[in-house]
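To start, the structure itself, in structure tokens.
The values are calculated or read from the model by the stated rules, or taken from the named source; none is laboratory data. This is a predicted model, so every value here is computed, not measured. Here Cβ is always computed from backbone atoms with ideal geometry, including for glycine, and neighbour counts include all displayed protein chains. Ligands, DNA and RNA are stripped out before the accessible areas are found, and what is left, the full protein with its side chains, is counted by its heavy atoms. Shrake-Rupley method; radii C 1.70, N 1.55, O 1.52, S 1.80 Å.
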Amino acid sequence: MSQENVEIVKRSIKAYARGGVEAILPFFPHDVVCYPFPEWVEEGEYRGHDGFRKVAAIWTDTFDDLRLEFDEVQDNGSKVVALGTIGGRIKATGTPLRQPMGVVFSSFGNGLIGEMHYLTTWTQALEALGLEG
């Protein structure tokens, strides 16, 4: 089952890269839960497809040319971690931003991703799984 979860995550990442938020929604149940970065100043939890749309809109409203690029997707039993970078230019200033990020995907069921936790470093993501960074 865990390799199947890795494949679901990889397909969802590709769908997002091709078509954005609406393209990734079919990979989530209607009650998906998204936890943004711990340093996030907005809400700490977003529920459902509309919640995911809301958090994604905050990201895209803040950055021009927002890019999420994942270098590695690892299986960890019932969870999957994706390690990569987030980049873009801060709107209004044009200041470039590129930083590591990790996403822990969990609560898989019926071929869907039920929960996502976004973390600002690879170390945080790996530690969330009980692994060393």
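Summarise the accessible area of the chain (1.4 Å probe, protein heavy atoms) by the percent that is carbon and sulfur.
Working: 3570 of 7020 Å².
Here carbon and sulfur together make up 51 percent of the probe-accessible area.
Pairs of Cα atoms nearer than 8 Å and 6+ residues apart set the relative contact order; for the chain it is 24 percent.
Based on protein heavy atoms only, the chain ends up with 53 Å² per residue of surface accessible to a 1.4 Å probe. Listed by chain and number, the lysines placed with their C-alpha closer than 20 angstrom to that of LYS54 are LYS91; residues fewer than eight positions away on the same chain are left out. Rounded, prolate or oblate, given the Cα gyration tensor of segment 67-133, with a/c below 1.5 counting as rounded? Prolate is the answer for segment 67-133, as a/c is 1.5 or above and a/b outweighs b/c. Relative to the longest principal axis of the Cα atoms of the chain, the long axis of helix 2-24 lies at roughly 30 degrees. Bridgeable aspartates and glutamates around LYS79 (alpha carbons under 16 Å apart, same-chain partners fewer than 8 residues away excluded): GLU4, GLU7, GLU115, GLU127, GLU132.
Taken one residue at a time, the phi angles of segment 45-59 give Karplus couplings (6.51, -1.76, 1.60, θ = phi - 60°) of 8, 10, 10, x, 4, 5, x, 5, 4, 5, 5, 5, 5, 4, 4 Hz. Gly and Pro are set to x. Computing mean projected area of the Cα convex hull in nm² directly from the structure and comparing it against [x] 9.7; [y] 7.5; [z] 8.3 singles out [y]. Mean residue ellipticity, 222 nm, helices only, the chain: the sum of -39500 (n - 2.57) across DSSP H runs of n ≥ 4, divided by residue count and rounded to 500, is -11000 deg cm²/dmol. Of the GluC sites (Glu not before Pro) found in segment 10-49, the ones in coil according to DSSP and having at most 12 other Cβ atoms within 10 Å of their Cβ are GLU39, GLU42, GLU45.
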